[in-house]
Amino acid sequence: MIDLETRELEYFLMVAEELHFGRAAVRLSIAQPALSKAIRRIETRLGVPLFIRTSRHVALTPAGKALQEHGRHALNAISAAVRHARRAADTQSHLRLVLKPGGDAGLLSPILAGYAHQPDARRVDILFSGPADRTDFLRDGRADIGLLYTPLDSLHGLAHERLHTEGRVVIVPSTHRLAERDTVQLSDLQGETLPRWKGIPGGDGTGPEVADVIQLLHMITVGRMVGVLPRSLVNPVPAGVVCVPVTDAPPSHLVLAWKEHDHRPLVASFVAAALDAARPLTADATTAEP
């Protein structure tokens, strides 16, 4: 037996977010007495108090905090299931591809051109993400397929195919002490200011926060920091900066990823087109190896 209905969970989560029954009722477009009654009904059914109420204060109990944490995931899962069901029934649905701006190693155009020749090709909607939320787009159903960079992006719960492997470069102002070097090592960057990427907690950067490569390159040009990126993300190299290969940095892999159990033909067709488009690039990279 289900102890909590979806609508009741929505009511609880709104009160948990606002910690105020009046504001929550306004956002839910229901009367405050009806909302209070619904919350009491939930507490009675679960057998635990979810809120501590006083005349001037509302707070979550430990049970309420646990329900808030897991309840939000449950609602997101339900919403994703509904989207997937509707999309599976729609034979004219579009394919949604998520990537970060410039994060395709030059493969996006040939992939789209190859996919357009597939007999079951659909329109492809391009979605642009922030520095590190592409996997969220895939897991919550906002995108069907994504171009990710590993090891930065987690592939947990995702199927994937590797399209391209490349080295990393340090980007420095043209007047920087490392600008004339043919190569550098990570130890050469000791003491340098590196960026803090927006949305990526726990990074090593100590410099200003940046949200994308364009912001990073601007900050490098004015001498505020240096950056380390996959080589294809800095192509072409803008004026005022220099890219130097980092010989001991781990390689970066561009992968095409999708939800692990998504076996729809439109996804499989796009994967096949992407692999075909990536083969010449992979062959060139292999030939160039010493």
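Which net charge results for the neighbourhood of VAL172, defined as the other residues with beta-carbon distances under 12 angstrom from its beta-carbon, given Lys and Arg at +1 and Asp and Glu at -1?
So the surrounding residues net to 0.
Let me make sure I get this right: for the chain, a, b and c are the square roots of the gyration tensor eigenvalues over alpha carbons, sorted descending. Under 1.5 in a/c it's rounded, otherwise prolate if a/b > b/c, else oblate. Which is it? Numbers along the way, then the final one.
Working: a/c = 3.08, a/b = 1.59, b/c = 1.93.
Taking the square roots of the gyration eigenvalues as a ≥ b ≥ c, the chain is oblate.
Helix 265-288 against the longest principal axis of the chain: what's the angle in degrees, Cα atoms only, rounded to the nearest 10?
In the chain, helix 265-288 runs at an angle near 30 degrees to the longest axis.
Using the Cα gyration tensor of the range 175-259, with a ≥ b ≥ c the square roots of its eigenvalues, what is the shape: rounded (a/c below 1.5), prolate (a/b larger than b/c) or oblate (neither)? Walk me through the numbers on the way to the answer.
Details: a/c = 1.42, a/b = 1.24, b/c = 1.15.
Rounded.
Measure nothing fancy, just the Cα-based angle from helix 6-18's long axis to the longest principal axis of the chain, in degrees from 0 to 90, nearest 10.
Compared with the principal axis, the helix lies near 80 degrees.
Of ILE78, PRO62, HIS20, which is farthest towards the positive pole of the range 6-87's charge dipole, taken about the Cα centre with +1 and -1 on the beta-carbons of Lys, Arg and Asp, Glu respectively?
The one lying farthest along the dipole's positive direction is ILE78.
Stretch GLU18-LEU275 to full length: gain in nm at 0.36 nm per residue minus the Cα-Cα span?
Numbers: separation 257, 0.36 × 257 = 92.52 nm, distance 4.77 nm.
Length gained between GLU18 and LEU275: 87.8 nm.
Percent relative contact order of the range 51-191, based on C-alpha pairs within less than 8 angstrom and at least six residues apart?
Values: 100 pairs, mean separation 29.8, N = 141.
So the answer I get is 21 percent.
Once label points are set 7 Å from the Cα along Cα→Cβ at both ASN235 and SER154, what is their separation, rounded to one decimal in nm?
It is 3.0 nm.
Label the range 6-87 by shape, choosing from rounded, prolate and oblate, from the square roots a ≥ b ≥ c of the eigenvalues of the Cα gyration tensor; if a/c is under 1.5 it is rounded, and otherwise prolate applies when a/b is larger than b/c, oblate when it is not.
In terms of gyration-tensor shape, prolate.
How many nm separate the modelled label positions at ARG264 and THR175, each set 7 Å beyond the Cα in the direction of the Cβ?
Result: 5.3 nm between the two label points.
Since every read-out is calculated from the coordinates, none of them should be taken as a lab result. As the structure is a prediction and not an experimental result, all values here were calculated from the model. When we count neighbours, we look across all protein chains shown, and the Cβ atoms used for this are built from the backbone with ideal geometry, even at glycine.
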